[in-house]
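One structure is given here, and the rest of the page talks about it.
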C-alpha cells in the first residue's frame, strides 16, 4: 500500500473518537495491532495498542508513543497508522496497566 498519497491526520484530529479502532501496520505492511484508546492528549499522548489475540480475545495492550505512529486516512476515509515496530517488538513491550 502506498501511504504517500494518504492524508495525514492533523494534531487536532488525534482524539480517541477518531483513532479508536484504527488498524496499526508495521514496517512490512503487516497488521500489528488496533488502537484501543489513548492515554493523555496531543503529541505527548500514548496510544494503547491491542496486539495479538484472535477476534479480540487474548490481546495484549501496550503503550506506544504518538510520536512512533503516523496516522492517516486511506482513499476510503478509513483511519490507520504506520509504525516502525513489528508485531514481535510490540509483544515484547511491557503490558500497559492503567
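Quick notes on this one:
- Condition check for residue 21 on (1) at positive phi; (2) over 12 Å from the mean Cα position of the chain (by Cα): one failure, at (2).
- Scanning region 60-92 for residues that are in a loop (DSSP other than H, G, I, E, B), free of Cβ contacts under 8 Å to residues at least 60 places away in the same chain and under 14 Å from the mean Cα position of the chain (by Cα) yields 78, 84, 85.
- A single entry from 33, 42, 26 fulfils the requirement of being more than 16 Å from residue 82 (Cα to Cα), surrounded by 11 or more Cβ atoms within 10 Å (Cβ to Cβ), touching a helix residue (DSSP H, G or I) at 6+ places or on another chain (Cβ under 7 Å) and in contact (Cβ under 8 Å) with a residue 24 or more places away in the chain: 42.
- Candidate set from region 52-69 (those that are over 18 Å from residue 16 (Cβ atoms) and touching a helix residue (DSSP H, G or I) at 6+ places or on another chain (Cβ under 8 Å)); member that is surrounded by the most Cβ atoms within 10 Å (Cβ to Cβ): 60
- Among the conditions (1) at pLDDT below 95; (2) in a strand (DSSP E or B), the only one that residue 4 does not satisfy is (2).
The values are calculated or read from the model by the stated rules, or taken from the named source; none is laboratory data. Predicted model, so just to flag it, every value in this text is computed and none were measured. Neighbour counts are summed over all protein chains in view; Cβ atoms, including those assigned to glycine, are modelled from backbone coordinates with ideal geometry.
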